[in-house]
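The structure appears below as structure tokens.
The values are calculated or read from the model by the stated rules, or taken from the named source; none is laboratory data. In this text, all values refer to a predicted model and were calculated from it rather than measured experimentally. Note: accessible area is taken over every heavy atom of the protein model, side chains too, but ligands, DNA and RNA are not part of it. Shrake-Rupley method; radii C 1.70, N 1.55, O 1.52, S 1.80 Å.
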Amino acid sequence: MGIIIKPVVTEKMTVQGEKLNRYGFIVDRDANKLQIKEAVEAAYNVTVADVNTVNYHGKRKSRYTKAGILSGRMNHYKKAYVTLQGEDKIDFYSNI
């Protein structure tokens with residue numbers, strides 16, 4: 001499996017992509033900023049100016065069912081915010 005798992009396509013990230021030229025990705029938890037930069041540049045053929053990362057801790061969840069209370073937790077994951085240089089853009093909708 002690669003370093004980039006999937007892009008974050010939300011309203012908030014779409015606005016940041018248009019205004020600040022910044023895009024979000026869910027990435028491998030062991031990847032560092034240099035590896036993320038190389039992976040984005042190779043995958044999308046752009047020049048990366050800056051990479052910021054955030055580690056998310058999976059929340060505990062429980063739900064009530066006929067069989068009783070089921071409990072567990074969501075997965076931990078790492079998110080990377082990638083800022084591109086100049087007029088570079090990433091179009092996530094081009095292959096639809």
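Calculated on the alpha-carbon coordinates, the convex hull of the chain measures out at 142 cubic angstrom per residue.
Relative to the longest principal axis of the Cα atoms of the chain, the long axis of helix 33-44 makes an angle of roughly 70 degrees.
With a cut-off of 8 Å between alpha carbons and a minimum separation of six or more residues, what is the relative contact order of the chain in percent? Relative contact order for the chain comes out at 31 percent.
Taking every protein chain into account, the accessible area of the chain amounts to 75 square angstrom per residue (probe 1.4 Å).
Could you pull out the pairs from Lys12/Lys59; Lys12/Lys33; Lys19/Lys61; Lys12/Lys89; Lys6/Lys37; Lys37/Lys61 whose alpha carbons sit more than 24 Å apart here? Please list the in-between numbers first.
Details: Lys12/Lys59 22 Å; Lys12/Lys33 22 Å; Lys19/Lys61 35 Å; Lys12/Lys89 16 Å; Lys6/Lys37 15 Å; Lys37/Lys61 33 Å.
Check vs 24 Å cut-off fails for Lys19/Lys61; Lys37/Lys61.
Calculate what fraction, in whole %, of the accessible area of the chain sits on carbon and sulfur atoms when a 1.4 Å probe is rolled over the protein chains.
Details: 3470 of 7190 Å².
Answer for the chain: carbon and sulfur cover 48 percent of the accessible area.
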